[in-house]
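See below for the structure under consideration.
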Amino acid sequence: MIPCPHCGSPHTRPGTQARTTGMVLGGMTGAAFVVLRIIGRSSPVLASALWVGGLIGLAWGGQAGYVLGAKIDQTFPRSRCCDCGKDFVH
Ligand SMILES: [Zn+2]
């Protein structure tokens with residue numbers, strides 16, 4: 001376990017994971033991207049096409065965001081102190 005650099009407490013746990021954030025942000029971006037492309041290309045727009053496109057974009061963007069976030073996690077491993085609540089890179 002890595003001691004907290006702020007207060008020296010040994011009570012730390014893995015902090016905010018970039019891969020989780022990346023998956024959420026990537027998924028939303030991917031879904032928005034695909035939906036906008038469908039809207040821009042076809043008229044009238046089928047609701048079912050938007051749903052399917054949105055889901056595909058969500059899976060695709062989420063995957064890309066997860067891979068990118070995992071790289072960030074590897075480069076900058078983060079932990080959070082359970083006593084003072086601060087995040088730190090170690
Ligand atoms: Zn601390």
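Please determine, by comparing only the residues of region 29-46 that are under 16 Å from the mean Cα position of the chain (by Cα) and either closer than 13 Å to TYR66 by Cβ or β-branched (Val, Ile, Thr) (or both), which one is surrounded by the fewest Cβ atoms within 10 Å (Cβ to Cβ).
Filtering region 29-46 for residues that are under 16 Å from the mean Cα position of the chain (by Cα) and either closer than 13 Å to TYR66 by Cβ or β-branched (Val, Ile, Thr) (or both), the one surrounded by the fewest Cβ atoms within 10 Å (Cβ to Cβ) comes out as THR29.
Output the residues belonging to region 72-90 that are surrounded by 15 or more Cβ atoms within 10 Å (Cβ to Cβ), more than 13 Å from the ligand (Cβ to nearest atom) and among the polar types (S, T, N, Q).
none
Which of the following residues is among the polar types (S, T, N, Q) and touching a strand residue (DSSP E or B) at 6+ places or on another chain (Cβ under 9 Å): SER79, SER43?
None of the others qualify; the one that does is SER79.
For (1) away from the ligand (no atom under 11 Å from the Cβ); (2) outside any helix (DSSP H, G or I), each residue gets a yes or a no:
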| residue | (1), (2) |
| --- | --- |
| MET1 | yes, yes |
| SER9 | no, yes |
| ARG13 | yes, yes |
| LEU25 | yes, no |
| ALA31 | yes, no |
| VAL34 | yes, no |
| ARG37 | yes, no |
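Just so you know, all these numbers are worked out from the coordinates, no wet-lab data involved. Given the structure is predicted, the values throughout are model-derived calculations rather than measurements. Positions of Cβ are generated from backbone atoms using ideal geometry, with glycine treated the same way; all protein chains shown enter the neighbour counts.
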